[in-house]
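One structure below.
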Amino acid sequence: MGESVSEVKKYYLNSIPYFLAGWKKSSGYVQMVEMLSIGIVLEIEETEFNKLAECVQKDNPKDYLIDLLINYRNSTWETLSTKFMWNKP
């Protein structure tokens, strides 16, 4: 993209409300994995990351990868699944 990390972070943070408005576990699994992963790499603020975690908690996909990513940033995340939602995530 050629932008600075701080500029990419702005785009990312601006996209969170739109993402949360439309996310469903049945149609957005890969997108949630991407949003969580990018949030970790960009070291976004805890409040912003927790918005993603709250969205996951509401729809409860019971997925090991999503839980692992959230648990990486939030050690109090209690929902740690042992299985993947999809056979080939």
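Count of segment 1-55 residues, restricted to those that are open to solvent by 80 Å² or more (accessible area, probe 1.4 Å) and basic (Lys, Arg), is 3. Test SER6 against the criterion of being modelled with pLDDT under 90 and of a type in the set (S, T, N, Q), and give yes or no. No. If the condition is being over 10 Å from LYS25 (Cα atoms) and aliphatic (A, V, I, L, M), then segment 47-62 contributes LEU52, ALA53. Hey, among the residues in segment 56-89 that are among the hydroxyl-bearing types (Ser, Thr, Tyr) and assigned to a helix (DSSP H, G or I), which one's least open to solvent (accessible area, probe 1.4 Å)? Looking at residues that are among the hydroxyl-bearing types (Ser, Thr, Tyr) and assigned to a helix (DSSP H, G or I), I get TYR64.
The values are calculated or read from the model by the stated rules, or taken from the named source; none is laboratory data. Bear in mind the structure is a predicted one, so any value in this text is a computation, not a measurement. Accessible surface areas use protein heavy atoms only, side chains included; no ligands, DNA or RNA. Shrake-Rupley method; radii C 1.70, N 1.55, O 1.52, S 1.80 Å.
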